[in-house]
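Below: one structure, written as structure tokens.
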Amino acid sequence: MSTVVAKVGKVGRAGGALRERLTHAVSMSIKKRHGVKALRTRDGSALANDLGGQVFTVLHIDDDPNDTELLRAAVRKANAPFILHNAEDGENAIAYLSGKGVYADRDRYHLPSLILLDLKMPRATGFEILSWIRAHPELGEMPVAVLSGSERQEDIRQAYASGANSYHVKPLGFDALVALVKSLDQAWVAGGGGSRSAV
């Protein structure tokens, strides 16, 4: 289990505003290069087609749509072989992982090769979701990387105690986010560090 904490930047009110501006700038850039459809492809199928090879499902559990959009842009920029799905709260995350409701279609919603988990969310915290994952043997070996705005040592300690494989502080700059996506790909997905299940 990795014990490395990536501290790339502090996130606060100013960080949130910066992230919103960055999201807009990145979105405009992608629209110019790839067309609006590249941003609208929520299940990552455009990425799968672009890469033309083996791709891996990554579940991003985060309630902030700006963070999700930035992550999608960073995945594309990093040319990472990810199909990125988002669950905006604990309820949807558990439904996805359980294959319930709309997520019952496992041809579309594959079990992920990696989970990227925020800690501060409505309905269930990241700690609760992580404990739920580790309590289910069929999911227990799935790598979970916490991707949080918190640099609190207590949050880091609790995340590892709950079964996180790695902990990363959300970076402010887009280039730093792209670098983080590349390192996650190498450590847990295409690099073979976790349980790999290609689409």
Query raised in the report: Which condition does residue 113 not pass, out of (1) on the phi > 0 side of the Ramachandran plot; (2) in contact with a Phe, Trp or Tyr (Cβ under 6 Å, 6 or more places away or on another chain), if it passes all the others?
Result: (1)
Requested in this report: Please indicate, with yes or no, whether at least one residue in region 172-183 is touching a Ser or Thr at 6+ places or on another chain (Cβ under 7 Å), modelled with pLDDT under 95, within 19 Å of residue 60 (Cα to Cα) and assigned to a loop (DSSP other than H, G, I, E, B).
Outcome: no
Requested in this report: Considering only residues that are among the small types (Gly, Ala, Ser) and under 17 Å from the mean Cα position of the chain (by Cα), look in region 69-109 and name the one that is nearest to residue 189 (Cα to Cα).
Outcome: 80
**Report entry** Some residue of region 103-125 being under 20 Å from residue 65 (Cα atoms) and among the basic types (Lys, Arg)
**Finding:** yes
Report summary line: Of the candidates 49, 66, the one satisfying the condition of being polar (S, T, N, Q), modelled with pLDDT under 95 and either buried (at least 23 other Cβ atoms within 10 Å of the Cβ) or within 16 Å of the chain's Cα centre (by Cα) (or both) is 66
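The values are calculated or read from the model by the stated rules, or taken from the named source; none is laboratory data. Since the model is a prediction, treat every value here as computed from it, not as a measurement. When we count neighbours, we look across all protein chains shown, and the Cβ atoms used for this are built from the backbone with ideal geometry, even at glycine.
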